[in-house]
Each structure stands twice: as structure tokens, then as C-alpha cells.
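Notes follow once the structure below has been shown.
The values are calculated or read from the model by the stated rules, or taken from the named source; none is laboratory data. Quick caveat, the model's predicted, so the values are computed rather than measured. Please note: Cβ atoms are built from the backbone with ideal geometry, for glycine as well, and neighbour counts cover all protein chains shown. We work out accessible area using only protein heavy atoms, side chains counted, and drop any ligands, DNA or RNA first. Shrake-Rupley method; radii C 1.70, N 1.55, O 1.52, S 1.80 Å.
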Amino acid sequence: FVAFFRLCYSDILYICANKMKVQDLDSFKEKALQWANAFDVCCCYDSNSYPDSYGEFDFLLAVGIKESINLKYGAAFDSLKEFYGVQKNWMFGLLSYDLKNEVEQLDSGNSDSLNFPDLFFFVPKYLIAVVKGEIKVILGDQTLLNQIEEYTSDDQETHSGIEIQSRLSKELYIKTVEELQEHIIRGDIYEVNFCQEFFAEHAHIDPLNIYTKLKKVSPTPFSGFFKIKDQYILSASPERFLCKRGNKLISQPIKGTARRSSNIKEDELIKLNLQNDAKEQAENVMIVDLVRNDLTKSAVKGTVVVEELFGIYGFAQVYQMISTVTCQLDPRIHFIDAIKNAFPMGSMTGAPKIKAMELIEAYEFSRRGAYSGTFGYITPEGNFDFNVIIRSILYQSSSKYLSFQVGGAITYASNATAEYEECMLKASAIMQTLEEHVS
């Protein structure tokens, strides 16, 4: 895991002296999230004990709003830059996929039943971190820990059966993949990430309870719980979009998936086969080239480096092929412009990027919205870390609408039926989490 989670600069300078040892980390995190969930807005990141995945932070919990911005695409990135320039503080937020329409001359016309903001950032009133077994209060004072310890929730959220539906049948999925492959044959694109939505209407759930279960089923290094009033992101993301440590940018795109096996020998064989799979390597390297191109827009000339190519990493349900691309940020480039220059992430679009996004809009059946966007944090010194919103449940508590999307890379060599099965594999942790609520 060394290359996958390598971070080169310390965030410890931002942390105040208020701290205490955690005796039972999982218990503290659950209690802290229950307390945070009583606020209109909260955001947490949980590395689930993966080594050094968030630099100095095993767990971050931002609670309450001191200042915030909520914007539609148009001039959202410039407004975020302005907001940061005024605040120069810790900021947590969401960048939805539809910000592509600001980055490029694109539009979004598919249906959206969730209506997440295109861009939402807030400066929290309270910020708590767990670092190497110690609780550290970054914003607020030590009394926060007493509030958390003494907090009891009166919420008794009732669950009802969830009827999960798909926007398209297996047959229609296969037909659509074959149509996308016609574009590849014509030379329009090399690769496109095609996604499908699963959804449930009238879904009565306790989002925090579901997130806790999802974490247990699928612990991942970039997981998180994000509440924006009546909108929730319950994420078990394994993927980093982009982070900045000092003047170094790091992107870690995922392309290449294989199921895990409970049989140790078979599991090792699956891992070896993925590592040597020419098709998966081709998918991965196409996106690595795209990420290299995106980082070049923000990099000191000659500093873009592929630090690891085709790394294989194991998670609860799957093995993933992950590459690590880095560069030195050009001091003339604002770090928020560096985020914009790489957005949306190549692993969720395809190559060439603009044409792939046009085809995504034409062939997918739902608007992505927050899905395949990112949420993360920015420090007072301008460091940041952002995940990719995949393997995530999106929920609108007012309308009781629940949604999750899954997808995969379509290339000339793809088998449409195998791609469908890969989607089902990626959805398995969420399906397992929701299982007892499915009618």
C-alpha cells in the first residue's frame, strides 16, 4: 500500500493542542456521527484504518455552518476561489459531475430526482480529527468531546421495504454498450465510462444507520458521510480524485476490476490474472494518459510522473487496478484552478474526454449529479483531498428517493455481458447493505 497511499507533506501544523487518546475508535466515530447528524450540515471522511490514506488523518468530522456557498454551474469555480480567498479556513464541500458544463461547452438534459447542488462548500463551526489514535479538536474547544460523549439521539427512524428498480434492463444495457462500441469503431472515442442507475422511490431509511452498515460491509480508504440538510451521500469510495500536499498534486485513477474469492488460492490467482490482463491494462493506461494530460495543465513543465502503473489493491468485494500520477504544481496556477483543470476525473469519463462526455449525456438514462463528482476538504494552507463519488448511496429524505449508480469502462475489446456482470459486482456491497430493507 506504500505507493497507493503515499503523501509527502504533513497537515499536523493545522491541528491545535486539544487532544485525547481514543480507547475505542469505532465507538467514538459512531457516537460522533450521531452527534453530528443532529446538525443541518455535516461531513466526515473515514480512512477505515488504511495506512496514511488521508495524510495525518484517520478520521475527519466537520459539523455546522459558519459560512457556505451553494452554486449552480456557470462561474462556480471562480466563486469558490473567491470564497477561499476571503475565508482562508478549513472548507468541506461537493463538486457535482454537472460542473463539466462549466469546464467545457456541454449540457445536461437527463432526469434528476435528487437535485444535489452543483457546488456546495462550507466552513464548519466544529472540526474534529482522529490522528494515530488521538482525538484532536481543530475548530471548537474541548467541551465538544463532552457533548459527543453525553449525546443521545431521540430519532427513531422507521425502515420500510425498499423496492430497487433499474433504469434499464440487462438487454437494453447490452444493446447500449454495443452502440457505444460502434462509436469506438468509427474512431469517435477510445474508451467511455457508461453508467446505469438503480433507484427506489418511497424509501424510508435512516441514512446514518445505512452508512454505518455500508462501512462494515465495504470498508474503503475514501469513504464518507455528507449531509446537506435533506440530502445525503453515503460513500464507500475506494478512489482518490486529486489531492495536494505542499506543491505536489496526486491523482490515483482506478480502471480494472475483479471479484474476490473466499478461497485463498483462487483469490491469489484472480489477483494475478487481473495484474496481467491486457484488456484491463489497456483501459487503465488510456485513463492514465488522460490524467497525465489533465495534470500537465497545472504542472511545472516536465514534472508529471506516473509513480505507479497497474498497481493491484484488494478491497472487501473486489481487486482494483490503480495507478498513481503526480506532478509539481506550477506556482502561477491557483490550486482551485488545478482542481478545475482535472475535472471531471478521467476515470469516470473516457477518452477523448469531451467526446466521451457528450456520448455519456446521449446514452445514459439518468443525470449523474453528485454521482461521479467528488467531495473533500481544503485546509487553511491550500492543501486538499478529494475522493471520487462511486460505490455510494445518494438519498433525498424529503422525497424519500434513493439512488446508486454503477458503471465501467467500455472499449473496443469489451464484452457487453461481462461489463454488465462487472456492474453487478460493483453494486454488490450496496445491495448487501440494503438487503434487509429490500421488499
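When His183, His334 are compared by accessible surface with a 1.4 Å probe, the order from highest to lowest is His334, His183. Think of a 1.4 Å ball rolled over the protein heavy atoms: the chain then has 39 Å² of accessible area per residue.
When shorter helices are ignored and each DSSP H run of at least 4 residues is given -39500 (n - 2.57), the per-residue value for the chain at 222 nm works out to -9500 deg cm²/dmol. Region 106-183 and region 376-439 have Cα centres lying 10 Å from one another. Applying a threshold of 28 Å to the alpha-carbon distances of Lys72/Lys426; Lys29/Lys244; Lys136/Lys297; Lys31/Lys88; Lys100/Lys175 flags Lys72/Lys426; Lys136/Lys297; Lys31/Lys88 as lying beyond it. Label positions at Thr303 and Glu182, each projected 7 Å from the Cα along the C-beta direction, are separated by 4.7 nm.
Computed extension gain for Asn110 through Ser27, at 0.36 nm per residue and net of the alpha carbon distance, reaches 25.7 nm. Ranking of Leu425, Leu145 by solvent-accessible surface, largest first: Leu425, Leu145 (1.4 Å probe, protein heavy atoms only, all chains present). Computed across region 137-250, the Kirkwood radius stands at 19.1 Å (inverse of mean 1/r, all Cα pairs). Each 10 Å bin from zero up to the one holding the largest Cα-Cα distance in region 317-402 carries the following percent of pairs: 12, 37, 35, 14, 2. Inter-part distance, region 310-343 to region 62-103, computed on C-alpha centroids, equals 20 Å. Of the solvent-accessible surface of region 385-438, computed with a 1.4 Å probe and all protein chains present, 49% belongs to carbon and sulfur.
All Cα-Cα separations within the chain were binned at 20 Å from zero, giving a P(r) of 26, 61, 12, 0, each value a whole percent of the pairs. For Ala299, the amide hydrogen comes within under 5 Å of the amide hydrogens of Asp330, counting only partners 5 or more places away or on other chains and with H modelled in the peptide plane.
Accessible area per residue (1.4 Å probe, heavy atoms of protein chains only) ranks Arg260, Arg391 as Arg260, Arg391, with the largest value leading.
Using a probe of 1.4 Å on the protein chains alone, the accessible area found for Glu358 is around 80 Å². The dipole here belongs to region 206-297: it is taken about the Cα centre, uses +1 on the Cβ of Lys and Arg and -1 on the Cβ of Asp and Glu, and is about 420 debye. Got a number for carbon plus sulfur as a percent of region 194-272's accessible area, 1.4 Å probe? Reported share for carbon and sulfur atoms: 52 percent. Residues of region 395-412 falling in the label zone of Met431, defined by backbone nitrogen less than 14 Å from a point 7 Å along Cα to beta-carbon, are 404-407. Volume per residue of the convex hull around the Cα atoms, evaluated for region 20-120, comes out as 157 Å³. Ranking Gly311, Gln275, Ile287 by Cα position along the charge dipole of region 259-325, where only Lys, Arg, Asp and Glu carry charges on their C-beta atoms, puts Ile287 farthest toward the positive end.
Dipole check for the chain: with +1 at the C-beta of Lys and Arg, -1 at the C-beta of Asp and Glu, and the Cα centre as origin, the magnitude is about 960 Debye.
Sorting the segments 396-402, 337-343, 220-226 by their residues' average number of neighbouring beta-carbon atoms within 10 angstrom, most packed first, yields 220-226, 337-343, 396-402.
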